[in-house]
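Have a look at the structure below before the remarks.
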Amino acid sequence: MDECIFCKIAKGEIPSTKLYEDEKILAFLDINPAAKGHSLIIPKKHYHTLLDLPHEELKELMEIVQKVAGAVMSVVEGVQGFNVIQSNQEAAGQVIPHLHFHVIPRKQGDSLNFAWEQGKAEKEELEKYAELMRKRL
Ligand code: 5GP
Ligand code: ZN
């Protein structure tokens, strides 16, 4: 993935404001933050979506997501909560096609909005999807 911005950031070819780094993982601040302290956590190796990441690598990545969230809650002025956002594929709003987790600090009444209109579902429909999905788990 020669052209991938996050691969270049992982290799140090593009500068970033680093928060944490080890052999496999990098955490850094988002260049266009939704809020002060908005952080990104990536595997250094290129994977497009969460489904492409080998299962064994997920635990370590999520531990860093949790640690970064803890740092955000300790350090960001007035922070009262945070969102962990992880988008997969363009249809879901993934702009950079390299797996990443956002940690976004939140304050009561801030202008960020990740809400959606609540839908309705019949019991039969819930059962149908659950039955199909259970077979894949
Ligand atoms: P996505 O929309 O794909 O979930 O998120 C991509 C994120 O990467 C955006 O929040 C965007 O601001 C951030 N981003 C894009 N290019 C760069 C960059 O060169 N450096 C840093 N630090 N963040 C970037
Ligand atoms: Zn990449």
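The values are calculated or read from the model by the stated rules, or taken from the named source; none is laboratory data. These numbers come from a predicted model, not from an experiment. So basically every Cβ, Gly included, is an ideal-geometry build from the backbone, and we count neighbours across all protein chains shown. Ligands, DNA and RNA are stripped out before the accessible areas are found, and what is left, the full protein with its side chains, is counted by its heavy atoms. Shrake-Rupley method; radii C 1.70, N 1.55, O 1.52, S 1.80 Å.
In the range 11-34, which residue that is within 11 Å of ligand 1 (Cβ to nearest atom) and not in a loop (DSSP other than H, G, I, E, B) is most open to solvent (accessible area, probe 1.4 Å)?
Out of the qualifying residues, it is LYS18.
For the range 35-59, what are the residues that are farther than 26 Å from VAL75 by Cα, of a type in the set (A, V, I, L, M, F, W, C) and within 14 Å of ligand 1 (Cβ to nearest atom)?
Passing the criteria: only LEU50.
Just checking, does the range 44-56 include any residue being free of Cβ contacts under 8 Å to residues at least 24 places away in the same chain and acidic (Asp, Glu)?
Yes, the range 44-56 contains a residue that is free of Cβ contacts under 8 Å to residues at least 24 places away in the same chain and acidic (Asp, Glu).
For LEU40, only one of the following conditions fails: (1) open to solvent by 70 Å² or more (accessible area, probe 1.4 Å); (2) closer than 19 Å to CYS7 by Cα. What is its number?
Result: LEU40 fails condition (1) only.
Taking the conditions exactly as written (more than 15 Å from the chain's Cα centre (by Cα), touching a residue at least 24 places away in the same chain (Cβ under 8 Å) and open to solvent by 80 Å² or more (accessible area, probe 1.4 Å)), does LYS67 satisfy them or not?
In short, no.
Give the range 42-56 a look and list any residue that's farther than 19 Å from GLU21 by Cβ and not in a loop (DSSP other than H, G, I, E, B), or say none.
Once the filter is applied, which keeps residues that are farther than 19 Å from GLU21 by Cβ and not in a loop (DSSP other than H, G, I, E, B), the range 42-56 yields LEU50, LEU51, ASP52, HIS55, GLU56.
Would you pick out the residues in the range 57-113 that are more than 16 Å from ligand 2 (Cβ to nearest atom), of a type in the set (A, V, I, L, M, F, W, C) and not in a helix (DSSP H, G or I)?
Of everything in the range 57-113, those that are more than 16 Å from ligand 2 (Cβ to nearest atom), of a type in the set (A, V, I, L, M, F, W, C) and not in a helix (DSSP H, G or I) turn out to be VAL76, VAL79, PHE82, VAL84, ILE85, VAL103, ILE104, LEU112.
Just one of (1) at pLDDT 95 or above; (2) away from ligand 1 (no atom under 11 Å from the Cβ); (3) part of a loop (DSSP other than H, G, I, E, B); (4) not polar (S, T, N, Q) trips up MET1, so point out which.
(1)
Is at least one residue of the range 91-101 at negative phi, open to solvent by 100 Å² or more (accessible area, probe 1.4 Å) and modelled with pLDDT of 95 or more?
Yes, the range 91-101 contains a residue that is at negative phi, open to solvent by 100 Å² or more (accessible area, probe 1.4 Å) and modelled with pLDDT of 95 or more.
Tell me, which residue of the range 1-25 that is of a type in the set (A, V, I, L, M, F, W, C) and farther than 16 Å from ALA69 by Cβ is farthest from ligand 2 (Cβ to nearest atom)?
ILE14
Specify the residue that is farthest from the chain's Cα centre (by Cα); the eligible residues are those in the range 110-137 that are within 30 Å of GLY81 (Cα to Cα), loosely packed, with under 10 Cβ neighbours inside 10 Å and not small (Gly, Ala, Ser).
LYS120
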